[in-house]
Amino acid sequence: MTDMIIQSIGGIAAVYGFAGILGVPKKFLLWAGIDGGIGWFVYLLVGAMTHSELLGAFFGAAVISVGANVCARVFKTPVTMILIPANMTLVPGAGMYRIVYHILYPQGEMAAYYFQQTILMAGMIAIAMFIVNIIWNSVTVSIKKRREYRNEKVE
């Protein structure tokens, strides 16, 4: 557990720096870092509990998406301002490296295995973000309609 917390703090620092390189405004750097660090912690926790990197990536990306939507609502900024840098912690860069490594040192089976794992990991991240955004938009639209209905009823 201590190792997970230390890695999450490292994730906060990494996302903070990455967001700065991407040109995210300074007032959002810490929030993007915290969102990415929490997502990384969830990834590690779910991965340790289920022994599945894919489930960890799914739930980590879902938490990051919820955090990015909340920050976007609070700070009145586009969701992508927080979402893109925060997801940096989950991007399967090691898998991409392993694919190229095993292609260069002819080990086709290992390259194919890491290719499959990398595609699955990226897919889980994308699906999680998609599901969270659909639910978020549905909830916010229904809240707006309820408010409009109440306002019409009062008048």
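The values are calculated or read from the model by the stated rules, or taken from the named source; none is laboratory data. Being a predicted model, the structure only gives us computed values, none of them experimental. Because the Cβ atoms are built from the backbone with ideal geometry, glycine has one as well, and the counts that use them run over all protein chains shown.
Table for the structure above
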| quantity | calculated |
| --- | --- |
| Condition met for Ile134 (part of a helix (DSSP H, G or I), within 20 Å of the chain's Cα centre (by Cα) and closer than 25 Å to Tyr16 by Cβ) | no |
| Flag for Tyr101 being of a type in the set (Phe, Trp, Tyr) and either closer than 21 Å to Ala122 by Cβ or at pLDDT 95 or above (or both) | yes |
| 1 or more residues surrounded by 18 or more Cβ atoms within 10 Å (Cβ to Cβ), free of Cβ contacts under 8 Å to residues at least 60 places away in the same chain and among the small types (Gly, Ala, Ser): qualifying helices (runs of 4 or more DSSP H) within the stretch 21-116 | 26-50, 53-75, 93-104 |
